[in-house]
Amino acid sequence: MKKNVIHRYLSSRVLPIWTILLIDVLIIVLSCLMAYALRYDFRSIFLETSTIDRTIIWTILANLICFRIFKTYSNVLRFSSFVDIMRIFVSLSAAFTLLIVGSFILENFFSVVVAPISVLFMGYIISFAIMACSRIVVKMIFERINFDGSHSANVFIYGAKEAGVNIAKAMRVSLSNHYRLRGFIADEPELVGKIMMGVKVYANDGNLLDELAERDVQTIIISPAKMGDLKDSDFADRMLAHNIKLLSAPPISEWNGQLNPTQIKEIQIEDLLQRDPIQIDIRKVASHLEGKRVMITGAAGSIGSEIMRQVASFNPYKLILVDQAETPLHDIRLELQDRWRDIDAVTIIADISNPSRMESIFRQFQPQYIFHAAAYKHVPMMEDNVSESIQINVFGTRTLADLAVKYGAEKFVMISTDKAVNPTNVMGCSKRICEIYVQSLAKKIMREGGKTQFITTRFGNVLGSNGSVIPRFRDQIQRGGPVTVTHPEIIRYFMTIPEACRLVLEAGSMGNGGEIYIFDMGKPVKIVDLAKRMISLSGRTDVKIEFTGLRHGEKLYEELLNVKELTKPTYHEKIMIATVREYDYDEIKERIQHLIDISYSYDQMQIVAAMKAIVPEFISKNSCFEALDKK
């Protein structure tokens, strides 16, 4: 009880500025007396009384002036840092240099003895030593008083250079009650075995797990500088296999002066996927979007909302955000009010398959750039709701594309999917039909000298998007499992939402019309391995994996056509143009109109048969529509 009272009292009190200044003045006086005692022997110090008083007075005056200039007394002692010690050093150096030079001039040219130079020099050394040590001692005492080790975890920091050392320093200030540093881990041989911040640096080798066990360490904080190495090595897998918890810290630029405990987060599966992020020409993208009226359909979805965030940073003249999902669009509206209050943005609830509604929007806002992200995307759902996939994905896209031409839009960027390549399901085929229509319309417009450019981008699976596998796995793990995987051999390509949207923006700036852009997505990921890693990251040992069988229309693997024989390069090494069969606009327009008409019959077999007639490579998998392929 007494300790808690003392702790609360001390931790809530800060010494006034005048108190710190008074303490420093007393240190100056003490230093002068000690300097005289050392210079003239303790027994004969009083023989020099004629200069002691003058020395003390002039030393106090000189230092008060420098204290004022350098504000050495304005910091809170318990939070003293190297910067504060340097400020004291500079202040004392300036004051005593002034005194020594002044004493030399007065003594040699005017025969006036102010203070012995040797005494001033020793006083300078003693003053700095006492002032620096006093602040360090106060800092250590308060750290000890405020330290509560009962809930702190023993940790190693992976990364023994600047970023890792900054995290270690933060532990002593703002994280001392949460983490206790027990060592560093380094890949650099020259650092291994050294002592840093009072702890040893250990090698990232086969003995590391033994070192962790010996020091009762179950947690490793990964420095920002090592996050890239984490993707390209087996470090994470080795640690997770032995139930070592992995945490990440943000770059120092995001600390806002101090590392907050809430900023130390568990490593996510997105951090471990071995992909180099795609980089784009930001200046070029900005030049295309700045000052433009930009429409985004599907603006409340995972991709549409991220496109909105990225476009907002390029200072558009106006944002026209369209979606038929009321609550998510309301959330986007609130986000705009919080983060981009200065941007002129409208949120519109509308169905893209309603031609009169969409025309009224185009007539009112005259969009110059259109990012079309609105679509139904879930494969099993579209297998069961074929007519909706045609009416929204196909009819909605055709409506928007035709209006873009009618109202003179400059660019129309459509988001497609890798499932449109040799489709095996209704959703993928509906998106392929959208690609066919948009590409054929683009060629027609170019022949006729029109100005609207149509661009298509194909994505793989997007990490963390609504309804995607990673949020589902997280939810299943939190509930204790089982984690359901459709097939032990199923693989997928992945990209992050920001990367996907950067690709959309880059495509919009580089395209001239009619291109279908794909990009190098790296190596595919085995879904069962993804599930195992996520379970390990969660720290759960009781979660099992259950195989449920392929869903209707689901492939074991997705194709992006990212092979050299079927693609053409662009100026960006990771972005390519797909070489696909092209269609005559008049012919495809008629066939798509027929498909849209029969979609209102809600006869699923008849609708899918019409889809297969347009896209002959559409071969159904694990679906009742396989019967149509046998005819």
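Based on what the data block shows, is S599 in the same structural domain as N385 (by TED's automatic domain parsing), more than 21 Å from T456 (Cα to Cα) and buried (at least 18 other Cβ atoms within 10 Å of the Cβ)? Yes, satisfied.
Here T541 meets the list (1) touching a helix residue (DSSP H, G or I) at 6+ places or on another chain (Cβ under 6 Å); (2) modelled with pLDDT under 85 almost entirely, failing just condition (1).
Has the stretch 514-522 got any residue that is buried (at least 16 other Cβ atoms within 10 Å of the Cβ), in contact with a helix residue (DSSP H, G or I) (Cβ under 8 Å, 6 or more places away or on another chain), assigned by TED's automatic domain parsing to the domain that holds R432 and assigned to a loop (DSSP other than H, G, I, E, B)? Among the residues of the stretch 514-522, at least one is buried (at least 16 other Cβ atoms within 10 Å of the Cβ), in contact with a helix residue (DSSP H, G or I) (Cβ under 8 Å, 6 or more places away or on another chain), assigned by TED's automatic domain parsing to the domain that holds R432 and assigned to a loop (DSSP other than H, G, I, E, B), which makes the answer yes.
Rundown of residues vs (1) in the same structural domain as D351 (by TED's automatic domain parsing); (2) more than 25 Å from R293 (Cα to Cα); (3) among the acidic types (D, E), yes/no style:
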site	(1), (2), (3)
S387	yes, yes, no
I390	yes, yes, no
R398	yes, no, no
K411	yes, no, no
D418	yes, yes, yes
T424	yes, yes, no
F473	no, yes, no
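Take the conditions (1) in a helix (DSSP H, G or I); (2) buried (at least 23 other Cβ atoms within 10 Å of the Cβ); (3) of a type in the set (K, R); R398 misses just one of them, which is (2).
Among the residues of the stretch 287-318, those that are of a type in the set (A, V, I, L, M, F, W, C) and closer than 15 Å to A374 by Cβ comprise V294, M295, I296, A299, A300, I303, I307, M308. Filtered by the rule that a residue be touching a residue at least 40 places away in the same chain (Cβ under 8 Å), over 19 Å from S152 (Cβ atoms) and either out of contact with any strand residue (DSSP E or B) (no Cβ under 9 Å at 6 or more places or on another chain) or not assigned by TED's automatic domain parsing to the domain that holds I157 (or both), the stretch 169-225 gives a lone residue, A225.
Only a single criterion out of (1) closer than 24 Å to A325 by Cα; (2) in contact with a Ser or Thr (Cβ under 8 Å, 6 or more places away or on another chain) is not satisfied by V405, namely (1). The number of residues in the stretch 152-181 being surrounded by fewer than 23 Cβ atoms within 10 Å (Cβ to Cβ) and either assigned to a loop (DSSP other than H, G, I, E, B) or in contact with a Phe, Trp or Tyr (Cβ under 6 Å, 6 or more places away or on another chain) (or both) comes to 8. Would the stretch 418-429 turn up any residue that is touching a helix residue (DSSP H, G or I) at 6+ places or on another chain (Cβ under 6 Å) and among the small types (G, A, S)? Checked against the condition, which is being touching a helix residue (DSSP H, G or I) at 6+ places or on another chain (Cβ under 6 Å) and among the small types (G, A, S), the stretch 418-429 yields at least one hit.
Just checking, does the stretch 446-462 include any residue being modelled with pLDDT under 90, surrounded by fewer than 21 Cβ atoms within 10 Å (Cβ to Cβ) and touching a helix residue (DSSP H, G or I) at 6+ places or on another chain (Cβ under 6 Å)? So far as the stretch 446-462 goes, no, none of its residues is modelled with pLDDT under 90, surrounded by fewer than 21 Cβ atoms within 10 Å (Cβ to Cβ) and touching a helix residue (DSSP H, G or I) at 6+ places or on another chain (Cβ under 6 Å). Filtered by the rule that a residue be touching a residue at least 24 places away in the same chain (Cβ under 8 Å) and not aromatic (F, W, Y), the stretch 337-349 gives R339, I343, D344, A345, V346, T347, I348, I349. In this structure, I352 qualifies as assigned by TED's automatic domain parsing to the domain that holds G508, in contact (Cβ under 8 Å) with a residue 40 or more places away in the chain and under 27 Å from G428 (Cα atoms).
Conditions tested, residue by residue: (1) modelled with pLDDT under 80; (2) over 29 Å from V294 (Cα atoms); (3) touching a strand residue (DSSP E or B) at 6+ places or on another chain (Cβ under 9 Å); (4) among the aromatic types (F, W, Y).
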{"site": "E499", "(1), (2), (3), (4)": "yes, no, yes, no"}
{"site": "E506", "(1), (2), (3), (4)": "no, no, yes, no"}
{"site": "G522", "(1), (2), (3), (4)": "yes, yes, yes, no"}
{"site": "V525", "(1), (2), (3), (4)": "no, yes, yes, no"}
{"site": "Y557", "(1), (2), (3), (4)": "yes, yes, yes, yes"}
{"site": "T570", "(1), (2), (3), (4)": "yes, no, yes, no"}
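Any idea which residue in the stretch 1-44 is modelled with the highest pLDDT, counting only those that are outside any helix (DSSP H, G or I) and loosely packed, with under 12 Cβ neighbours inside 10 Å? Among them, the one singled out is P16.
Could you please find all residues in the stretch 610-631 being without any contact (Cβ under 8 Å) to a residue 24 or more places away in the chain and crowded, with 16+ Cβ neighbours inside 10 Å? Those that are without any contact (Cβ under 8 Å) to a residue 24 or more places away in the chain and crowded, with 16+ Cβ neighbours inside 10 Å: A610, L628.
Across the stretch 228-253, the qualifying residues are those that are within 16 Å of the chain's Cα centre (by Cα) and farther than 17 Å from E270 by Cβ, and the one among them that is surrounded by the most Cβ atoms within 10 Å (Cβ to Cβ) is I252. The residues listed here are K318, K284, K245, K265; of these, the one that is touching a Gly at 6+ places or on another chain (Cβ under 7 Å) and of a type outside the set (V, I, T) is K245.
The lone criterion from (1) over 25 Å from M381 (Cα atoms); (2) in the same structural domain as H378 (by TED's automatic domain parsing); (3) out of contact with any Lys or Arg (no Cβ under 9 Å at 6 or more places or on another chain); (4) surrounded by 19 or more Cβ atoms within 10 Å (Cβ to Cβ) left unmet by K568 is number (4).
The test for being crowded, with 16+ Cβ neighbours inside 10 Å and at pLDDT below 80 does not hold for F128.
I607 fulfils the conditions (1) in contact with a helix residue (DSSP H, G or I) (Cβ under 6 Å, 6 or more places away or on another chain); (2) at pLDDT below 85 except for a single criterion, (2).
The values are calculated or read from the model by the stated rules, or taken from the named source; none is laboratory data. As the structure is a prediction and not an experimental result, all values here were calculated from the model. All Cβ positions, even for glycine, are placed from backbone atoms using ideal geometry, and neighbour counts span all protein chains on display.
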